[in-house]
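The values are calculated or read from the model by the stated rules, or taken from the named source; none is laboratory data. Note that the coordinates shown come from a computational prediction; the quantities given were computed from them, not determined experimentally. Because the Cβ atoms are built from the backbone with ideal geometry, glycine has one as well, and the counts that use them run over all protein chains shown. The accessibility values were calculated without ligands, DNA or RNA, using every heavy atom of the protein model including side chains. Shrake-Rupley method; radii C 1.70, N 1.55, O 1.52, S 1.80 Å.
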Protein chains: 2
Amino acid sequence: MTDRAAAGNRPRWAIALHGGAGALPGDLPLAELQRIRDALQEALRAGSAVLQAGGASLDAVQGAVRAMESSGVLNAGRGAVLSHEGLAELDAALMDGRGRRAGAVGAVRHVASPIDLARAVMDHGTHVMLVGLGAEQFARERGFDLEPDSYFITERRRRELERVQRACGTEHGAPQGTVGAVALDMHGDLAAATSTGGMSNKHCGRIGDSPIIGAGTLAENEVCAVSATGNGEWFLRFSAASDVWARVKYLGTGIERAAREVIGELEAAGGQGGLIAIDRSGTIAMAYSSPTMLRGLASSERAPEVIVEVTGASAGHGPAHV
Amino acid sequence: MTDRAAAGNRPRWAIALHGGAGALPGDLPLAELQRIRDALQEALRAGSAVLQAGGASLDAVQGAVRAMESSGVLNAGRGAVLSHEGLAELDAALMDGRGRRAGAVGAVRHVASPIDLARAVMDHGTHVMLVGLGAEQFARERGFDLEPDSYFITERRRRELERVQRACGTEHGAPQGTVGAVALDMHGDLAAATSTGGMSNKHCGRIGDSPIIGAGTLAENEVCAVSATGNGEWFLRFSAASDVWARVKYLGTGIERAAREVIGELEAAGGQGGLIAIDRSGTIAMAYSSPTMLRGLASSERAPEVIVEVTGASAGHGPAHV
């Protein structure tokens with residue numbers, strides 16, 4: 001792989017995605033595991049199709065994330081984890097590496113695809129971030145169909161919330177399942193997108209790192225694109241995505257090492273999770289300190305691959321190069 | 001004495017604050033200008049008193065910002081600019097340089113001191129950021145008194161909103177008046193705090209850079225503390241505070257130059273505003289690309305000074321050293 005990079009066999013396009021860091025519950029039925037794998041494969045297919053046709057990385061990451069949001073088996077959109085009140089409150093952001101345009105929504109209910117709403121915020125151009133009822137009002141203004149709360153709630157998440165609340169009424173579920181994607185397109189543009197329901201049993205109105213530009217989501221053509229997953233409070237306090245960006249931009253650190261270093265320092269400080277990143281040459285980094293991170297990648301130079309480990313065989317970091 | 005001289009007369013404590021970047025309206029009555037000056041002086045006095053008594057920088061910046069929030073003449077707390085619906089929706093964040101602990105609230109109504117609420121979020125320790133109705137619910141849980149909408153609305157802001165809406169129903173007021181503070185205490189700890197009503201005529205639910213850790217607010221003992229003001233969407237997209245932090249940390253750039261460079265690059269990209277920053281040696285930077293930035297500073301080595309220029313005599317950057 002290094003040889004190929006040295007030979008200048010730079011991919012014309014590349015995409016990576018994650019379905020969240022954490023550990024899959026031991027009692028997860030095999031059929032559910034297969035549905036998770038299918039969801040990641042479908043998301044990878046959706047994103048790759050855009051890139052292969054010469055489309056924009058922004059559309060590719062949005063499409064990949066939208067597919068994961070609608071899967072019903074990942075922690076985003078339908079199937080997201082539930083708040084203390086038993087409701088899905090959703091966060092999402094996406095960023096265009098061209099000129100660092102961005103859109104984000106937080107603590108929004110009733111919107112099936114929060115990543116599409118974040119895109120609408122970005123395209124509207126007035127604001128970067130809308131939250132809560134204001135974000136929902138914007139969705140109505142832009143013609144989004146609103147779904148009832150029940151649309152988002154799955155039996156698995158309801159049981160999960162009950163379990164967490166039985167254990168301790170004020171405890172929160174382990175971070176898991178945030179989804180995200182990063183991509184490089186044929187035009188050399190980078191993009192990143194992230195979407196999540198946050199953590200089980202969270203306080204209403206809680207926002208983690210996912211919709212925060214510079215924490216969970218970041219893209220700049222000349223540097224890199226990043227999407228994070230894990231213990232959102234830590235990634236937010238340490239501006240994780242910005243730190244990867246800064247190491248690449250100011251220190252000239254390679255994307256793989258930058259990703260590993262940031263995840264390592266977060267772990268040393270007490271925060272577990274992972275991130276995916278891509279640089280302008282199409283090199284992909286996938287680093288995580290959690291037992292595993294659901295992930296996938298594809299490029300013009302390699303067949304799509306989805307990695308769903310029940311326990312992490314290689315925790316620390318996944319494949320580094322496309 | 002010799003040691004201190006060799007160390008550049010490093011102050012035992014130092015604090016800087018801003019009352020926002022922008023331009024004061026030409027029709028502002030002189031009496032109102034005096035009230036703004038009084039508010040900044042009172043905030044500087046409140047913060048300095050904490051530091052002089054050996055208190056924590058975190059308490060100092062919180063106290064300074066709380067004083068500005070209650071002044072009624074700055075864009076934070078009472079007297080904040082109004083949303084499209086004519087309501088005050090408030091954002092605030094603060095960060096403790098020790099271990100990068102942080103608390104933030106966004107799009108919150110009815111809370112007289114959003115910075116106190118951000119502090120409560122941080123001290124509670126479960127989450128870093130709460131927004132909208134969830135943040136208000138948390139305020140009730142923590143025993144905050146809630147104020148009616150009318151508490152926040154001043155005649156000046158009501159006229160300002162009418163003017164902006166007459167000019168164009170979908171236009172937004174120029175950014176102005178966000179308040180913030182950064183400080184170094186006798187124990188060597190840095191802290192930053194920022195509070196704002198955002199921009200006049202904003203969409204409900206809009207969040208700017210102020211409450212975003214890494215964009216409008218950041219503090220890390222070993223590096224620097226930053227509080228920004230200006231066109232929030234730009235500061236958010238460019239993770240302005242993180243960029244200052246990264247230049248100091250990874251390039252070894254001095255705080256004054258780092259602040260100037262980031263404000264310069266933001267201006268070149270199209271975003272106007274300013275920021276205040278302080279490093280571990282107590283050196284203060286105040287950079288802005290707007291016509292002026294209301295500001296003040298004080299330290300163990302110098303008398304308090306508040307600078308309220310009607311038009312910027314020295315736009316670009318203010319005094320660099322305490």
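Structure notes:
- Rounded tilt (10° steps) of B:255-269 against the dominant C-alpha axis of chain B: 40
- Principal-axis tilt of helix B:155-167 within chain B, Cα atoms, nearest 10 degrees: 70
- Here each label is just a point 7 Å from Cα along the line to Cβ, and for A:Arg140 and B:Ala269 those points are 3.4 nm apart.
- The trypsin sites (Lys or Arg not before Pro) of the range B:113-216 that DSSP puts in a loop, and whose beta carbon has at most 15 other beta carbons within 10 Å, are B:Arg142.
- Spacing of the two label points (7 Å from each Cα toward its C-beta) at A:Thr126 and A:Glu147, in nm: 2.7
- What the phi angles of the range B:97-106 give under the Karplus curve with 6.51, -1.76 and 1.60, with θ = phi - 60°, is a coupling list of x, 6, x, 6, 6, 8, x, 8, 9, x Hz, glycine and proline written as x.
- Dipole axis of the protein assembly as shown (+1 Lys, Arg; -1 Asp, Glu on Cβ), positive-most option in B:Thr217, A:Leu24, B:Gly197: B:Thr217
- DSSP-assigned coil residues among GluC sites (Glu not before Pro) in the range B:54-100, each with at most 14 further Cβ atoms within 10 Å: B:Glu85
- Take the accessible area of B alone and of A alone, subtract that of the pair with a 1.4 Å probe, and the total buried over both chains is about 3500 Å².
- Summed residue charge, Cβ within 14 Å of B:Gly208's Cβ, Lys/Arg positive, Asp/Glu negative: -1
- Computed about its Cα centre, the charge dipole of the protein assembly as shown is approximately 400 debye, with only Lys, Arg, Asp and Glu carrying charge at their Cβ.
- Label-to-label distance, B:Arg302 versus B:Arg158, with points set 7 angstrom from Cα along the beta-carbon direction: 4.2 nm.
- Within the shell defined by Cβ-Cβ distances under 11 Å, the residues around A:Gly188 carry a net charge of +1, with Lys and Arg each +1 and Asp and Glu each -1.
- Centre-to-centre separation between the Cα atoms of the range A:94-128 and those of the range B:201-248: 18 Å.
- Solvent-accessible area per residue for the protein assembly as shown (1.4 angstrom probe, square angstrom): 33
- Whole-number D in µm²/s for chain B (Stokes-Einstein; Kirkwood sum over Cα pairs; 4 °C, 1.567 mPa s): 69
- Counting only protein heavy atoms and a probe of 1.4 Å, the accessible surface of chain B is 49% carbon and sulfur.
- Simple rule: put +1 on each Lys or Arg Cβ and -1 on each Asp or Glu Cβ in the protein assembly as shown, find the dipole, and look at B:Gly273, B:Gly77, A:Val81; the Cα lying farthest toward the positive end is B:Gly273.
- Of the residues B:Leu190, B:Leu74, B:Leu94, the one that moves most in a GNM of chain B with alpha-carbon contacts below 10 Å is B:Leu74.
- Karplus 3J(HN,Hα) series, Hz, for the range A:9-21 with 6.51 cos²θ - 1.76 cosθ + 1.60 (x for Gly, Pro): 7, 5, x, 6, 8, 7, 9, 10, 9, 10, x, x, 9
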